[in-house]
Structure formats: C-alpha cells, structure tokens
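Below is one structure, written out as structure tokens, with a few remarks after it.
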Amino acid sequence: MLRLDGVSVEIAGAPVLRRVSLAVPPGGRVALIGRNGAGKTTTLRTLMGLLAPSSGEVALDGKPCTALPAHHRARLGIGYAPEERKLFGAFTVRENMLLPAQVLGLPGSEITRRLEAVYSLLPELRDFAPRRAAGLSGGQGKMVALGRALMVGTRAVLLDEPFQGLAPALALRYAEALGRLRSALPDVAILITESSPDLLRSLVDSTFVIERGEIAAA
Ligand SMILES: Nc1ncnc2c1ncn2[C@@H]1O[C@H](COP(=O)(O)OP(=O)(O)O)[C@@H](O)[C@H]1O
Ligand SMILES: [Mg+2]
C-alpha cells in the first residue's frame, strides 16, 4: 500500500500541494487526473522522495517513509517513470534498463531475473535492447521508461503521463501492456497520472482528481 496522508508541499515558498491524501493498495491501479500545473508531477515526486512535504506523511506498506531519500525508496521497491523519460541517449536500451537496478546494488542474478520478467511483459523491449536510446522514437522511449520503472518497482510503480505524445497505435500497445501488468504483477500498486481520464478508464479501478494542488474528487 502506497499512501499520502494530508501531504502539503511548498516549492520556493509557494504552496503546490495542499493536504493531499491518496492511497494505492497492493495490486491497485489508480489514476491521478488533473490539468497542466495541477500538481500531478509534484505528487509523484513527493511519493518518490524527490520532494519533501512541509506537513503530512508518506507511507509504504504501513511504514512511514516521509524522511527516506529517493534511492532508499527505490530499494524498498518503488519504481518511477518521469514525464520526461530521462534515458541516457548514448547507452543502449538494455543498459538504460539495467542502470537503476545496478545503482541499487542488486545481485547480478536478481537483475537478470527481473530483466527477463520485464522482457516477457514488454516483448518489444527485447527487440530494442541493443539499440542506442538516442535512436528511439518518443513512444518507444516511453515503453523503455516503463520497463525501467518495472525493474525497480516490485511494490509500487509511478507513471507520469505515460500516454502524453504517443501516436494512437503506440498508445494502444502501451495500454495493452498496462493491462497485462494486472495479471502478471497482482501485488504491485500502480499510480498513473494523465490530464484526461479517457485513456485510463478501462485500465484503473479508482480515480483521484487533483485541482490546484488539492484532491477535488475520488
Ligand atoms: N520547480 C518549480 N518551481 C516553481 N514552481 C513549480 C516548480 N515545479 C512545479 N511548480 C508549480 O507547481 C505546480 C504544480 O506543478 P506540477 O506538479 O508539475 O503539475 P502537473 O504535473 O499536474 O502539470 C505548478 O502550478 C507550478 O507552477
Ligand atoms: Mg506533470
């Protein structure tokens, strides 16, 4: 269970999140919907430990982790696919996917096991594996960013506007991949942000709406 409890966040002294509470249970697929500037990315960065709340609590599986740095949360099994994919262009797709797991110091056998599991969920990544990330289309890069988040996210995965900028055919494939995660990863909590609920409707079991830093509806 990934949980925010009454979390407020200020950036440069300005309130950006106000008493945000939301929870994603194990195996839950939850959407966070809000227009540009509403606070979706700030919410995910706070869950990941890249921003510190001024008040409120963040918890994973019942344990408070508000003060834990991001690399520690990654080690607990929270994976994050940021809005701007942040792939290393000079590295291959395979290297990009391995990097976070290597930085966490996971044993090689575990890294190989996870990579095979990701390939079986997202088979096209096996085909892209030897290619340089710089040569990928935007949509292919999104798929790699999803695979990379899954390499680390054994408890929870945070996906920031994964459909943004995807051509319809790729959006469909991406949605199919997310659909497969439900049966393949029945215990992983997945939180997905989007500006519109349309693409997520059939993929999630609950939806939170955020407006100007506040949860407006659940
Ligand atoms: N680095 C920053 N400096 C100043 N303001 C920021 C910064 N990041 C975000 N904000 C403010 O926080 C609000 C929420 O941003 P964000 O979480 O990125 O929204 P969303 O992801 O929903 O588009 C925005 O209105 C923006 O003005
Ligand atoms: Mg954003």
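Anyone know which of Ala67, Ala156, Ala81 comes out most mobile in the 10 Å Cα GNM of the chain?
Ala67
Give me the mean projected area, in nm² to one decimal, of the convex hull enclosing the Cα positions of the chain.
Working: hull surface 44.9 nm².
Approximately 11.2 nm², given one-decimal rounding.
For the stretch 106-122, just list the computed ³J(HN,Hα) in residue order, Karplus coefficients 6.51, -1.76 and 1.60, θ = phi - 60°, integers in Hz, with x standing in for Gly and Pro.
With the stated coefficients, the stretch 106-122 comes to 5, x, x, 5, 5, 4, 4, 4, 5, 4, 4, 5, 5, 4, 6, 7, 10 Hz.
What residue among Gly56, Ala117, Pro162 has its Cα farthest toward the positive end of the dipole of the chain, where the charges are +1 on Lys, Arg and -1 on Asp, Glu, each on the Cβ?
Ala117
Name the residues whose placed amide hydrogens come within less than 5 Å of the amide hydrogen of Leu200, ignoring near sequence neighbours (fewer than 5 apart) on the same chain.
Long-range HN contacts for Leu200: none found.
Antiparallel versus total DSSP beta bridges in the stretch 2-217: what percent is that, nearest 5?
Working: 18 of 36 bridges.
The antiparallel proportion sits near 50 percent.
Of Val103, Pro82, Thr43, which is farthest along the charge dipole of the chain in the positive direction, counting Lys and Arg as +1 and Asp and Glu as -1 at C-beta?
So the residue furthest toward the plus end is Val103.
Per-residue accessible area for Lys40 at 1.4 Å probe radius, Å² rounded to 10?
Solvent-accessible area, nearest 10 Å²: 10 Å².
Where a ≥ b ≥ c are the square roots of the eigenvalues of the C-alpha gyration tensor, would you call the stretch 108-165 rounded, which needs a/c under 1.5, or, failing that, prolate if a/b is larger than b/c, or oblate? Don't jump to the answer; show the numbers that get you there.
Numbers: a/c = 2.24, a/b = 1.21, b/c = 1.86.
Oblate, because a/c is 1.5 or more while a/b does not exceed b/c.
Take Glu95, project a point 7 Å from its Cα along the Cβ direction, then tell me which residues of the stretch 132-159 have their backbone nitrogen under 12 Å from it.
Within reach of a label on Glu95, which here means backbone N under 12 Å from a point 7 Å along Cα→Cβ, the stretch 132-159 contributes 132-134.
Taking the Cβ-Cβ separation of Lys63 and Gln102 as r and a Förster radius of 35 Å, what is the calculated FRET efficiency to the nearest 0.05?
Details: r = 25 Å, r/R0 = 0.73.
For R0 = 35 Å, the calculated efficiency reads 0.85.
Cut-off 10 angstrom, C-alpha nodes, Gaussian network model of the chain. Which of Val20, Val152, Val103 fluctuates the most?
Looking only at Val20, Val152, Val103, the biggest GNM fluctuation is shown by Val103.
Please report how far the C-alpha centroid of the stretch 112-155 lies from that of the stretch 177-207, rounded to the nearest whole angstrom.
Between the Cα centre of the stretch 112-155 and that of the stretch 177-207, the gap is 18 Å.
What list of ³J(HN,Hα) values in whole Hz, one per residue of the stretch 81-92 in order, does the Karplus curve 6.51 cos²θ - 1.76 cosθ + 1.60 (θ = phi - 60°) give from phi, with Gly and Pro shown as x?
10, x, 4, 8, 3, 6, 8, 8, x, 7, 8, 6
Calculate the translational D of the stretch 40-159 in whole µm² s⁻¹ from Stokes-Einstein, where the hydrodynamic radius comes from the Kirkwood formula applied to all Cα pairs, the temperature is 20 °C and the viscosity 1.002 mPa s. Kindly include the intermediate steps, with their values, before the conclusion.
Numbers: Rh = 14.8 Å.
My calculation gives 145 µm²/s for D.
Please list, in order along the stretch 68-75, the HN-Hα scalar couplings obtained from phi with the Karplus expression 6.51 cos²θ - 1.76 cosθ + 1.60 (θ = phi - 60°), rounded to whole Hz, x for Gly and Pro.
Per residue, the Karplus-derived 3J(HN,Hα) values read 7, x, 4, 5, 5, 5, 4, 5 Hz.
Just grab the label-to-label distance for Ser196 and Ala70, each label 7 Å out from Cα along the Cβ direction, in nm (one decimal).
3.0 nm
Please build a GNM for the chain, connecting alpha carbons under 10 Å apart, and tell me which residue among Ile192, Ile111, Ile78 fluctuates the most.
Its mean-square fluctuation being the largest, the pick is Ile111.
Which whole-number value in Å² is the accessible area per residue of the chain, probe 1.4 Å?
On the way: 9900 Å² over 218 residues.
About 45 Å² of surface per residue is accessible.
Normalise the Debye intensity by I(0) for the stretch 152-218, one equal point scatterer per Cα, no solvent, then take log10 at q = 0.11, 0.15, 0.24, 0.28 Å⁻¹ and round to two decimals.
-0.28, -0.52, -1.21, -1.41
What's the angle, to the nearest 10 degrees (0 to 90), between helix 138-152's Cα axis and the longest principal axis of the chain?
Between helix and principal axis, roughly 80 degrees.
The values are calculated or read from the model by the stated rules, or taken from the named source; none is laboratory data. Computed from a predicted model, the values in this text were never measured in an experiment. All Cβ positions, even for glycine, are placed from backbone atoms using ideal geometry, and neighbour counts span all protein chains on display. Protein only, heavy atoms only, side chains kept; ligands, DNA and RNA dropped before computing areas. Shrake-Rupley method; radii C 1.70, N 1.55, O 1.52, S 1.80 Å.
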